[in-house]
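Shown next, in C-alpha cells, is the structure this report addresses.
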Amino acid sequence: MEKQRIKSDSKSCRRLLIILAQTVFFITGLFSQNLTLAEINQLQVVPADNQSLFTKTDLKFEVSVPKVKPSQIQVLSTNLPADINFKTVRKVQDYENGGTKIEVWYTFDKSGTYKLPRLPLMIQNKLRNIPFLEITVTDDPSKQIPKMLIIFDNGYRLSSSDEPPSKAAFACKLGAKLTFTVYLQYSTQLVQFNWDLPKDSIFTQTETFEFTEVKYREKKYSHDLIPVATFEWIGLTTGEKELPKIKITATGYNGYRNELLLPKLIINFTQGSLETEDSKEAIFSSAFTTTDTQEETGNSLEITDKLCQDLANLYSQERKALFSYTNIKKERINLETELGLPSTSSGNYSILWLLGSLVFTLAVLVFFIISIKKHHLIRVLIFGTAMLIGIVSIFYSIGQRMHTFGICKGCSISSVPEVSAEAISEISAGNLVEITEKAGKWYYIELGQTGGWCLQDNIILIK
C-alpha cells in the first residue's frame, strides 16, 4: 500500500509541474514585448558608418529591430537588379537597443543612385518588408584615370571621356562672350597645358587657378573637379565653329601620365544684334587692350622629335662632363622647364661623381695606412669607416652608370612585345625612361611605377 501511495504522489507532482510550466509559458507570452505598427514603420535599412560607397566593393547595410531576439527573425531572399549582387547576411544581438541587428552585404557593378527592393523579414512569424535608404554609389576615385572637363556658363558640359556630339551643342549670338572653365578630375599634377588659337574669332584666357600655378596637388582621393583656367570665346563670323583644341598632360593618382583631349565640339554662331561695324571694332579693341594671358601662363611649345634629341644629347653630355657639368645640367633643366617637363636626377650620374669617389677613397686609404702604422686606434676606426663609405659610393656610381636610359618620343606601351598587343598606358614625349630589357626591336621601359614594351624607334638612347 505504501508503494502505491508513493507512486501516486509522484504522478501528481509531475502533473503539477507540467501545469505550472504551461502556466508560466502562457503568462510570459501574454506579457512579452511585441513590435507596434509605428515601430515597424520606422525601421529602415541604411549603409553602415565609416565606409565609402564605391562600386566593385562589398558594402554593408544594417537595420536594428528592437524588442526581438535573433531566433524570432528570419531573413528571406529577394529579387535584385542585374547590377546588384547579394553577398551574405548576418543576425547579431543588439545589446544597445535590446533587440537584433540585421547586417547584409551587397556589391554594385555600376555607379548611380539606387533604391533597393525592400528587405523581407519574418519577425515573430509575421512578414515585414523593410525599406532601404536611397543611396548614391560612385566609382572608386583612386582607380580612375585623369579626366578633363569644360563647363560653360549656360550649364553645358563636356568631358574627355564623352563621345563627340552628333550636332552643334548649342547656338550663340555673334559677338557675345561665350565663357567656360576647364577642370581636371582624378589628378595630382598638371604637367602641360596648351591650346590652339582659332580663326575668325577671339579666344582669350581670362583667369588661371592655383592648380595651374603650383602644378601639384596633394594626393587626396575624391571626385572633386579641380579648376584650371577660364576662357572667353567671341565669334566674329556666322556659322558652325569647332571649339579650339585644348590639350592637358596630367598625372593621375596611380602615378601615370595621361594626355587629355576633348572630343570635337561644334558651336553655332548665329546672327545677332551685336554684329555691327561698331561692335566689331569694340570687340577687336578689347581684344588688344586685354592682357595676353596665354603668353604668360600657357605653354605653346610642342615637344618634337628634334627637341627630344636635344634633351637626350644634354643628358649624354651631362653623364660625361667633368668641369662643364654644372653648366650642362643647368642648360638641361632650363630646357625641361621650357617644355613643361619635370626635372630629374635619374640617369645622369656624371663621371665626375665616380672620379670624386675614387679620389676620396684613395685619400682616405693613405690616412688609414698611416693611422695603422702609428697605432692610433680612434683614427683607424674613423678613416676605416670613411673608406667603406667611399667604396660603397664607387660601386653605387658604377651600378647607376650601368643602367640604360632614354628619352621617349611619345608612345603607347603594352604588356607584351607585339604590334597587335593592347596598349596599357601612354607615355608623353620628352619623358626620361629607364630601359630594363630588350627583345628584338622592342624595349621594356619604366617611368615611375609604369612599365611596358614599346618599339625602339620611339626611344632616343642616352649614351
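The values are calculated or read from the model by the stated rules, or taken from the named source; none is laboratory data. A quick note: this is a predicted structure, and the numbers were derived from the prediction, not measured. All Cβ positions, glycine included, derive from the backbone under ideal geometry; neighbour counts span all protein chains shown. Just so you know, the surface numbers come from the protein's heavy atoms only, side chains and all, with ligands and any DNA or RNA stripped out. Shrake-Rupley method; radii C 1.70, N 1.55, O 1.52, S 1.80 Å.
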Exercise. Tell me, which residue of region 394-411 that is touching a residue at least 40 places away in the same chain (Cβ under 8 Å) and among the small types (Gly, Ala, Ser) is surrounded by the most Cβ atoms within 10 Å (Cβ to Cβ)?
Worked result: GLY406
Problem set entry | Residues located in region 136-166, provided they are in contact with a strand residue (DSSP E or B) (Cβ under 7 Å, 6 or more places away or on another chain) and of a type in the set (Lys, Arg) | LYS147, ARG157
For this session: Identify the residue in region 320-335 that is surrounded by fewer than 17 Cβ atoms within 10 Å (Cβ to Cβ) and not hydrophobic (A, V, I, L, M, F, W, C) and, among all such residues, is farthest from the chain's Cα centre (by Cα).
Result: SER324
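For (1) in a loop (DSSP other than H, G, I, E, B); (2) at pLDDT 85 or above; (3) within 21 Å of VAL433 (Cα to Cα), each residue gets a yes or a no:
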| position | (1), (2), (3) |
| --- | --- |
| SER300 | yes, no, no |
| GLN309 | no, yes, yes |
| ILE328 | no, yes, yes |
| LEU335 | no, yes, yes |
| SER343 | yes, no, yes |
| ASN348 | yes, no, yes |
| LEU355 | no, no, no |
| VAL366 | no, yes, no |
| SER371 | no, yes, no |
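Every residue in region 141-156 that is open to solvent by 30 Å² or more (accessible area, probe 1.4 Å), of a type in the set (Val, Ile, Thr) and either part of a strand (DSSP E or B) or under 30 Å from ASN79 (Cα atoms) (or both), please.
Correct list: ILE151 only.
How many residues does region 446-463 hold that are within 29 Å of the chain's Cα centre (by Cα) and open to solvent by less than 50 Å² (accessible area, probe 1.4 Å)? Give the derivation first.
The first filter runs over region 446-463 and keeps only residues within 29 Å of the chain's Cα centre (by Cα), leaving 446-455, 458-459.
Next cut, open to solvent by less than 50 Å² (accessible area, probe 1.4 Å) only: 447, 450-454, 458-459.
Qualifying residue count, region 446-463: 8.
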Problem set entry | One residue from LYS115, LYS87 being of a type outside the set (A, V, I, L, M, F, W, C) and under 14 Å from PHE132 (Cα atoms) | LYS115
Seminar exercise, completed: Checked pairs for region 60-77, first closer than 11 Å to VAL92 by Cα and assigned to a strand (DSSP E or B), second open to solvent by 40 Å² or more (accessible area, probe 1.4 Å) and at pLDDT below 90, C-beta under 6 Å and 6 or more apart or across chains, list as SER64/ASN97
Problem set entry | Scan of region 47-87 for residues that are under 26 Å from LEU35 (Cα atoms) and hydroxyl-bearing (Ser, Thr, Tyr), ordered by number | SER64, SER71, SER77, THR78
Exercise. Which one is nearest to the chain's Cα centre (by Cα), of the residues in region 264-276 that are at pLDDT 90 or above and open to solvent by less than 20 Å² (accessible area, probe 1.4 Å)?
Worked result: LEU265
Exercise. Taking region 438-463 as the region of interest, how many residues are in contact with a Phe, Trp or Tyr (Cβ under 6 Å, 6 or more places away or on another chain) and either assigned to a loop (DSSP other than H, G, I, E, B) or over 20 Å from TYR256 (Cα atoms) (or both)?
Worked result: 3
Problem set entry | Yes/no for GLU426 being out of contact with any strand residue (DSSP E or B) (no Cβ under 6 Å at 6 or more places or on another chain), closer than 22 Å to PRO146 by Cα and at pLDDT below 85 | no
For this session: Using the structure shown, decide if ILE413 is under 27 Å from GLU338 (Cα atoms) and touching a Leu at 6+ places or on another chain (Cβ under 8 Å).
Result: no
Exercise. Within region 421-445, which residues are surrounded by 14 or more Cβ atoms within 10 Å (Cβ to Cβ), of a type in the set (D, E, K, R) and more than 20 Å from SER316 (Cα to Cα)?
Worked result: GLU426
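Yes/no per residue for (1) assigned to a strand (DSSP E or B); (2) touching a Phe, Trp or Tyr at 6+ places or on another chain (Cβ under 9 Å); (3) open to solvent by 30 Å² or more (accessible area, probe 1.4 Å):
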site: LEU158; (1), (2), (3): yes, yes, no
site: PRO164; (1), (2), (3): no, no, yes
site: ALA171; (1), (2), (3): yes, yes, yes
site: VAL182; (1), (2), (3): yes, yes, no
site: LYS199; (1), (2), (3): no, no, yes
site: GLN205; (1), (2), (3): yes, yes, no
Seminar exercise, completed: Restricting attention to region 83-140, the residues that are open to solvent by less than 60 Å² (accessible area, probe 1.4 Å), among the polar types (S, T, N, Q), in contact (Cβ under 8 Å) with a residue 40 or more places away in the chain and outside any loop (DSSP other than H, G, I, E, B) number exactly 2
